[in-house]
Amino acid sequence: MKPLSLFVKAFGPYTNILNINFESLENNNIFLISGPTGAGKTAILDAISFALYCRSTGGLRSFRDMRSATASNGEDTVLEFEFYLKNKKYKFIRKLRSHKVRGQDRFELRDEHECYEFKEDSYCLIHSGSEAKIRAYAEEIIGLDSEEFSKVIILPQGEFKKLLLANSREKYKIFERLFKTDKWSHITEYIQNNKNYKR
């Protein structure tokens, strides 16, 4: 996966709009997100995780939990993440729409979920509506669920340590999915179960 852009509004510590253009990194495969404690570094990683899976990197906070505490009534929380994957371009969008309840002096949040694939010269809608459906599509194209994505791709503060301390079976599962080694496991198992197999 190669990130292209991230748009964030009223999410975590970012009350105002945050727009990150990863394309400016060009062909640099390694980059550093730096800043003092509390500057919002992990929130950037959470925004990517929420855009794809609607789950935080630690898996403990909901989308509504991540709405900026200083967001005003009537202001939407928005996440848009664009990326390349296997020569295809995708955009995932998550929103918390803030609207006034008719006849009452209060606001409610409604969530919206969409994912697009770029075809020819524009983005085409693939799925919309269900949070779970968008998550399932992210898992399908990326090949990792949200927990595996956090451990292997995102690696926020503390998560790399968790990967290192994971037991052998957990590591085996993650790396099998990441490097698509399951077919070789099947071949090995077939050979082991067929003693008459000749090379």
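Does any residue in the range 37-59 that is without any contact (Cβ under 8 Å) to a residue 24 or more places away in the chain and open to solvent by less than 10 Å² (accessible area, probe 1.4 Å) come within less than 7 Å, Cβ to Cβ, of a residue that is in a helix (DSSP H, G or I) and not acidic (Asp, Glu) six or more places away or on a different chain, and which pairs are these?
56/49; 56/50
Given (1) open to solvent by 40 Å² or more (accessible area, probe 1.4 Å); (2) basic (Lys, Arg); (3) modelled with pLDDT of 90 or more, where does residue 162 come up short, assuming only one miss?
Of (1) open to solvent by 40 Å² or more (accessible area, probe 1.4 Å); (2) basic (Lys, Arg); (3) modelled with pLDDT of 90 or more, only one is false for residue 162: (3).
Identify all residues within the range 112-138 that are open to solvent by 70 Å² or more (accessible area, probe 1.4 Å), in a strand (DSSP E or B) and closer than 23 Å to residue 67 by Cα; write none if there are none.
Listed by number, the list is empty, since nothing qualifies.
If I go through the range 1-21 residue by residue, how many of them are outside any strand (DSSP E or B), in contact (Cβ under 8 Å) with a residue 40 or more places away in the chain and not polar (S, T, N, Q)?
Final tally of qualifying residues: 4.
Of (1) surrounded by 14 or more Cβ atoms within 10 Å (Cβ to Cβ); (2) over 16 Å from the mean Cα position of the chain (by Cα); (3) of a type outside the set (A, V, I, L, M), residue 108 satisfies all except one. Which?
Residue 108 satisfies all of (1) surrounded by 14 or more Cβ atoms within 10 Å (Cβ to Cβ); (2) over 16 Å from the mean Cα position of the chain (by Cα); (3) of a type outside the set (A, V, I, L, M) except (1).
Answer yes if at least one residue in the range 48-55 is of a type in the set (Gly, Ala, Ser), touching a Phe, Trp or Tyr at 6+ places or on another chain (Cβ under 7 Å) and assigned to a strand (DSSP E or B), and no otherwise.
Taking every residue of the range 48-55 in turn, none turns out to be of a type in the set (Gly, Ala, Ser), touching a Phe, Trp or Tyr at 6+ places or on another chain (Cβ under 7 Å) and assigned to a strand (DSSP E or B).
Scanning the range 3-44 for residues that are within 23 Å of residue 143 (Cβ to Cβ) and in contact with an Asp or Glu (Cβ under 9 Å, 6 or more places away or on another chain), which turns out modelled with the lowest pLDDT?
22
All but one of (1) among the basic types (Lys, Arg); (2) outside any loop (DSSP other than H, G, I, E, B); (3) farther than 23 Å from residue 22 by Cα hold for residue 61; state the number of the condition that does not hold.
Condition (2) is where residue 61 drops out.
Could you list all residues from the range 64-97 that are assigned to a loop (DSSP other than H, G, I, E, B), aliphatic (A, V, I, L, M) and either touching a helix residue (DSSP H, G or I) at 6+ places or on another chain (Cβ under 6 Å) or open to solvent by less than 60 Å² (accessible area, probe 1.4 Å) (or both)?
66, 71
The values are calculated or read from the model by the stated rules, or taken from the named source; none is laboratory data. These numbers come from a predicted model, not from an experiment. Backbone-built Cβ (ideal geometry, glycine too); neighbour counts: all protein chains shown. These accessible areas exclude ligands, DNA and RNA; they are computed on the full protein's heavy atoms, side chains included. Shrake-Rupley method; radii C 1.70, N 1.55, O 1.52, S 1.80 Å.
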